[in-house]
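Below is one structure; the comments refer to it alone.
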Amino acid sequence: MIAEAERFCSTLPRRLGTAPIRFDSPNFPLLSHVYFPPPGSFPAASTLLGESLPSSSLVAALPSKEEMDKLIPYFKTYFHWFSHPIHIPTFDRQLQTFKACLTQPEAERDRLLDFGFMATLFTICASALTFYQLPDVPMPREGLVDRWTTAAVLSLVSAKLLSDPTVEAIRAATLLATAHMYWGAGEGTSACIGLLTIAVEGAYTLRLNYDPRRNKKLSFVECEDRRGVFWNLFTQCLSMSLINGQSWPQFDLDQIDTELPLDCHDAELLLGEEQARAISRKRIASHQVADYDTFDETIMTNVIYKTRVMMVVKKIVIFFQIQK
């Protein structure tokens, strides 16, 4: 185990975590501009046990076109890099389908609505708005963040996350839990733990712990998407374990048999499996070169190495638990 940890540390990228974003950008979010939702504003995870709202109430709470046009690009640029359970080209396509659905008559709209995606959309906008400090936005930020966070949880109720989980609903729950993790302690931590626990149960129900290549109906991009969702959930759970001292017994390493995501930009996955795998191998090899100008990091690089760190940590924890 110690030898494995040493091998891993010796192969860590030299500049991991510095390449995806420009820290000198005038729009980079500063802590002095962050809005942290106050105690009492977090919907309890037990809300997921309640009854769903009429879809019209959730549709009425959606961000406006102007808000989406500002917040979604902001999320992609400044928030997306440390939590990557979203394949952006697929999200953009889903967003257009979702907007088209909203234009349908109410009965048809309700039949077509993807409430899991709705929860993802609410979470993206709420997460971006907590950090959003550009001067051209006349938004009542505090009220909107609380409203969209609540709407995200209620959308998960309508998505039947507990009884009939989908990959999209698990993605939304993981994103929302990640937001709570970074928003602070107290009720935020409790909400994070509750959402992650439910998401893990859903992931195992959908067998995301087994490699999706076994399902011949899934495309290569869909397989990579499922791997990204599962391993993001895995790393967020173990991050919360380290923060809070609680473990997730569901994560038995002997029962995880799925590949890590490829170290590729989202657009590179659209080139096809063979080319994407070749690009990923070349990029991983380049990480051993201590040269900032040639270092090539994707958003997924952070997820991959964080996952590898967490797996080593979990093995260490298991080792000491056995010793007791």
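The values are calculated or read from the model by the stated rules, or taken from the named source; none is laboratory data. Not measured: the values here are computed from a predicted model. Positions of Cβ are backbone-derived with ideal geometry, glycine not excepted, and every protein chain shown enters the neighbour counts. All accessible areas refer to the heavy atoms of the entire protein, side chains included, with ligands and DNA or RNA removed. Shrake-Rupley method; radii C 1.70, N 1.55, O 1.52, S 1.80 Å.
Identify the residue in segment 102-125 that is without any contact (Cβ under 8 Å) to a residue 60 or more places away in the chain and open to solvent by less than 10 Å² (accessible area, probe 1.4 Å) and, among all such residues, is nearest to Thr166 (Cα to Cα).
Of everything passing the filter in segment 102-125, Gly116 is nearest to Thr166 (Cα to Cα).
Is it the case that segment 152-165 has a residue that's surrounded by fewer than 24 Cβ atoms within 10 Å (Cβ to Cβ), assigned to a loop (DSSP other than H, G, I, E, B), modelled with pLDDT of 90 or more and acidic (Asp, Glu)?
Yes.
Filter segment 244-277 for residues that are farther than 19 Å from Asp211 by Cα and either among the hydroxyl-bearing types (Ser, Thr, Tyr) or at pLDDT 85 or above (or both) and give the result.
Passing the criteria: Ser247, His265, Asp266, Ala267, Glu268, Leu270, Leu271, Gln275.
Condition (residue is crowded, with 19+ Cβ neighbours inside 10 Å, within 18 Å of Met310 (Cα to Cα) and modelled with pLDDT under 85) applied to segment 199-217: is it met by at least one residue?
no
Can you find, within segment 64-98, the residue that is nearest to the chain's Cα centre (by Cα) among those that are open to solvent by 70 Å² or more (accessible area, probe 1.4 Å) and at pLDDT 90 or above?
It comes out as Arg93.
Could you please tell me which pairs satisfy a Cβ distance under 6 Å, a separation of 6+ or placement on different chains, a first residue in segment 311-324 that is within 12 Å of Leu253 (Cβ to Cβ), and a second residue that is at pLDDT below 75 and assigned to a helix (DSSP H, G or I)?
Close Cβ pairs satisfying both conditions: Val312/Ala5; Val312/Phe8.
What is the one condition in (1) under 17 Å from Thr166 (Cα atoms); (2) of a type outside the set (A, V, I, L, M, F, W, C); (3) in a helix (DSSP H, G or I); (4) modelled with pLDDT of 90 or more that Ser280 does not satisfy?
(1)
When you scan segment 42-52, do you find a residue that is modelled with pLDDT of 65 or more and loosely packed, with under 12 Cβ neighbours inside 10 Å, even just one? I'd like the intermediate steps shown before the answer.
First pass over segment 42-52, keeping only residues modelled with pLDDT of 65 or more: 51-52.
Keeping just the survivors that are loosely packed, with under 12 Cβ neighbours inside 10 Å gives 51.
The answer is yes, given that some residue of segment 42-52 is modelled with pLDDT of 65 or more and loosely packed, with under 12 Cβ neighbours inside 10 Å.
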